[in-house]
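Step one of this worksheet: look at the structure below.
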Amino acid sequence: MGVMGMDTGSEKARTARRRATRPMDAPQLLVGRILGGQYRLDGVLNAGGMGIIFEATQLSIDRRVAVKVLKPTLSRDPSLVERFQLEVEVVAQISHPNVVKLIDSGGDDTGLIYLVMEFVEGKTLRQALRGGELKLWEILEVFSQVCTALIEIHGQQIIHRDLKFDNIMISRMRDGRIHVQLLDFGVAKLLSRDINLTEGGQVAGTPGIVAPELVDGEEPSVESDLYSMGVLIFTTLAGRAPFSAENDLELMRAHKVEPLPNLREMVGQRVPEEIVDLTMELLAKDRSLRPGSAMDVRRRLDNMSRRIRDKFPDATAYIPPDTQGLQLPKRPSPDLSVLEAFDESRAEDSRGIKRRFSEPRVAPMTVVAALSLLLMILAVALIYVVFVTTGSG
């Protein structure tokens, strides 16, 4: 028993040392915490630049929920707290089957600020596409339901600003139908409030889907969200994004000035011309040339989906000619148990907003060190040449 006690003590000491070296924002440090006496954090689902999302249990009714917590080290910054509270305000005013539902929000006595959402079962659109689970007409149905969500939020003067594969959840109901829910309003713009929580030189959202006009600092609009959806449809059909680049700045510049690739040549005859035409309209660089509303886009998607389903009822899943664009974004896969504060600071600032200008690809001190070494080599070579010349004389 004494040996067992000693082992237990040693293990406790090691655990204490590990915990002492972890930063305050390490998600696993919060697992097991009960917020507001109601929500037990059971496991980490995701961690971003500003928040940590947990799978949790609502203890009063034993219900699984999702809890987003503002990183503890950010909760002392009033502007970041305001950004987080704006997300709560945005989600709170939306009640729609195609939008994730807010259940609660608050703060605990340790200063943690959180919002509680329904737990969405299913897969992200990226996962469903990579798994080859959707027929072409079902893909159109997915984007039709995304439009349904946009109709609702746009009607409430909300611009999502971050439509991407991982923010679209798909559930397959028992009767085989698809149900779509839109997630993550962390960088949404509430047009009814004259407030700007981003800093100069920043563009809210993800560089790979940002509309060209936003690169110039114009106000987000309905057409901005529709452009992002066009990027997703293009990538879904072709299997690769319309543009790629070495860094965020070049990628956003490509969306602004580079001509669109020929989607028809990329997909061949497997995709009807009307789908290609709609995609190219959504990706028009001039926002005035895009469809005027999500309702218009939904109507067209529904008509196309119905025609394809009726004509090819036994069609197999749609597999794009390429799959590069359906892969997860390239980034380190950190151990969530030791994830540091601002773990993704190279891609996002503390507000969860993507930087407009990328970090230098070579660290400045590395350049200085290399130049210093080169100068030393040149100096030694010069001394050697002078010595040899003098000796020969």
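Couple of notes before you dig in:
- Accessible surface of region 86-139, 1.4 Å probe, proportion on carbon and sulfur as whole %: 46 percent
- Region 235-271 residues near the modelled Gln324 label - backbone nitrogen below 12 Å, point 7 Å along Cα→Cβ: 239-246
- In region 240-316, the GluC sites (Glu not before Pro) that fall in loop regions by DSSP, at most 12 other Cβ within 10 Å: Glu246
- Of Lys68/Lys164; Lys101/Lys164; Lys71/Lys256, pairs whose Cα-Cα distance is over 23 Å: Lys71/Lys256
- Whole-number percent relative contact order across region 42-161, with pairs defined as alpha carbons under 8 Å at least 6 apart: 19 percent
- Looking at region 68-214, the accessible area is 38 square angstrom per residue; that uses a 1.4 Å probe and ignores ligands, DNA and RNA.
The values are calculated or read from the model by the stated rules, or taken from the named source; none is laboratory data. For clarity, every value in this text was computed on a predicted model and none was experimentally measured. Every residue, glycine among them, receives a Cβ derived from its backbone with ideal geometry; neighbour counts consider all protein chains shown. Accessible surface areas use protein heavy atoms only, side chains included; no ligands, DNA or RNA. Shrake-Rupley method; radii C 1.70, N 1.55, O 1.52, S 1.80 Å.
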